[in-house]
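A.B. asks: Take a look at the following structure, please.
Just so it is clear, none of the values below were taken in a lab; they were calculated from the coordinates. Everything numeric in this text was worked out from a predicted model, so none of it was measured. In this analysis, Cβ positions are derived from the backbone assuming ideal geometry, glycine residues included, and neighbour counts consider all displayed protein chains.
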Amino acid sequence: MNKKVALTGNEAVALSMKQINPDVVAAYPITPQTEIVQFFSSFVANGQVDTEFVTVESEHSAMSATVGASAAGARAMTATSANGLALMWEVVYIAASNRLPIVMPVVNRALSAPINIHCDHSDTMGARDSGWIQLYSENSQEAYDNMIQAVRIAEHPDVLLPVMVMMDGFIISHGLENLEVMDDESVKDFVGTYKPDHYLLDIENPITMGPLALFDFYFEVKRQQAEAMKNAKDVILDVAKEYKDLSGREYGLFESYKLDDAEIAIVVMSSAAGTGKYVVDKLREEGKKAGLLKLRVFRPFPHKEIAEALKHIKALAVMDRAESFSDFGGPLFAPIRSALFDVKNDIKVVDYIYGLGGRDIVPPHIEKVFNDLEEIKETGKYDKLVNYLGVRE
């Protein structure tokens, strides 16, 4: 049974963790993620979960302890933001390469320097090629729902990869929203009991994890890892169907918003999608054929499905809340543009980098993007491939 409640994003994620009831959570605080593990620690202290809660001395240690617990056969979680994720870096790759189904909420925050505690996507975009599945959430509801689905996705035998679940720092993590949550028993039944086939503490079938593998075996390990990521796409969709039957809420690889007959459109992720939808509605009232694609799953990257959804668009803007320093746009722009390469429609694609360090993205900004797209649609030309939205030049 669903119940309507008002929660912040951090509270919603902590609640999902309580309902999942993992075996081990290793935690270290960092703004704006701290409240997740703080709330969860109260569930541990009150005896509402059976979790072994491990307080460690750094984020590197948090991920190391989580890897150790998962390798030993436990359902294990941690959480972080920004510089904390950067400090985990070495072990983040080890978690994925060892095929450990860890679930980690990440509250997106700008990486230093200069020091900044507000939202952009530079932290998780930096980890996009680490081998972790990445799910991005528009609001608290999606963060809650993505966390529960992430457990099933990660632990599927055709996948066995860790999953990051993202939400925007402060905008969602500390913002109070109305959402629907399920009862504990329904979540427990949905995620089931974790019973790995192979783990370090199985004395009847001992195995080695993380051995030295040079040119004789390393390539094959990476190839298997890549195949698992490929398999994850179908698993994500299958889990979403089951979750819809349980919750009534539908998820896919992305959300198409008024795209079917659109001529101009934006691609966006996370909380800015809500502002984008508002602008699309306003432009539709003015008779403009505007649309929006909100990407939920960034890894694996659903390139074929994106190309199919956008193949009729005449002018497209990709909105990046991170800078890749490639002089060729942000980290979302390049794969979107590549996905459209084989579409025989000469779609004009431009990039807009916005919101770095938590700078607000407001409706007039997105209206400007759509106005630019109207001009590109009419002329077939654009002045700049990469644009910076809302910055003092």
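A.B. asks: If r is the Cβ-Cβ distance from Tyr382 to Asp197 and R0 is 51 Å, what FRET efficiency results, to the nearest 0.05?
C.D. replies: Values: r = 52 Å, r/R0 = 1.03.
In this case the efficiency is close to 0.45.
A.B. asks: Non-local amide H neighbours of Val103 (under 5 Å, H modeled in plane, Pro and chain starts lacking H): which ones?
C.D. replies: Ala76, Thr78, Val163
A.B. asks: Tell me, Thr208, Thr78, Thr55 in order of fewest to most beta-carbon neighbours within 10 Å? Kindly include the intermediate steps, with their values, before the conclusion.
C.D. replies: Numbers: Thr208 6, Thr78 34, Thr55 14.
Least to most surrounded, the residues fall as Thr208, Thr55, Thr78.
A.B. asks: Let me ask something else. Would you list which lysines come within 26 Å of Lys222, measuring only between C-alpha atoms, while excluding same-chain residues fewer than 8 positions from it?
C.D. replies: Output for Lys222: Lys195, Lys230, Lys233, Lys304.
A.B. asks: List the lysines whose Cα sits under 20 Å from the Cα of Lys381, skipping any in the same chain fewer than 8 residues away.
C.D. replies: Lys288, Lys289, Lys311, Lys314, Lys344, Lys348, Lys368
A.B. asks: I'd like the Karplus ³J(HN,Hα) series for segment 265-271: coefficients 6.51, -1.76, 1.60, θ = phi - 60°, whole numbers in Hz, and an x wherever there's a Gly or Pro.
C.D. replies: These are the phi-based 3J(HN,Hα) values: 7, 10, 10, 8, 10, 6, 5 Hz.
A.B. asks: Stretch Phe217-Asp50 to full length: gain in nm at 0.36 nm per residue minus the Cα-Cα span? Present the calculation step by step, with values, prior to reporting the outcome.
C.D. replies: Working: separation 167, 0.36 × 167 = 60.12 nm, distance 3.88 nm.
Contour length minus the Cα-Cα distance gives 56.2 nm.
A.B. asks: Still on this model: How far, in nm, would the chain grow between Asn345 and Lys3 when pulled straight, counting 0.36 nm per residue and subtracting the alpha carbon separation?
C.D. replies: On the way: separation 342, 0.36 × 342 = 123.12 nm, distance 4.61 nm.
Contour length minus Cα-Cα distance gives 118.5 nm.
A.B. asks: Equivalent-ellipsoid semi-axes (√(5λ), Cα gyration tensor) for segment 276-393, whole Å, largest first?
C.D. replies: On the way: eigenvalues 78, 72, 43 Å².
They are 20, 19, 15 Å, listed from largest to smallest.
A.B. asks: Can you say what percent of the DSSP beta bridges in the chain, counting only those with both residues inside, are antiparallel? Round to 5. Write out the running numbers ahead of the final one.
C.D. replies: On the way: 13 of 50 bridges.
Bridges in the chain that DSSP calls antiparallel: roughly 25 percent.
A.B. asks: Right, here's the next one. With a 10 Å Cβ neighbour count serving as the proxy for reagent exposure, in which order, fewest first, do Glu263, Glu242 appear?
C.D. replies: Values: Glu263 15, Glu242 12.
Going from sparsest to densest Cβ surroundings: Glu242, Glu263.
A.B. asks: Taking only DSSP H segments of four or more residues, each worth -39500 (n - 2.57), what value at 222 nm results for the chain once the sum is divided by all its residues, to the nearest 500 deg cm²/dmol? It would help to have the intermediate numbers written out before the result.
C.D. replies: On the way: 13 runs with 157 residues, N = 393.
Here the helix-only value at 222 nm equals -12500 deg cm²/dmol.
A.B. asks: Still on this model: Which net charge results for the neighbourhood of Val235, defined as the other residues with beta-carbon distances under 12 angstrom from its beta-carbon, given Lys and Arg at +1 and Asp and Glu at -1? The partial results should precede the final answer.
C.D. replies: Numbers: positive: Arg152, Lys230, Lys233, Lys241; negative: Glu155, Asp158, Asp234, Asp238, Glu242.
Result for the local shell: -1.
A.B. asks: Separation between the Phe328 and Asp281 pseudo-spin-labels, each 7 Å from Cα along Cα→Cβ, expressed in nm?
C.D. replies: For Phe328 paired with Asp281, the spin-label model returns 3.9 nm.
A.B. asks: Take the Cα of Lys288, step 7 Å along the line toward its Cβ, and report every residue of segment 257-275 whose backbone nitrogen sits under 20 Å from that point.
C.D. replies: 257-269, 272-275
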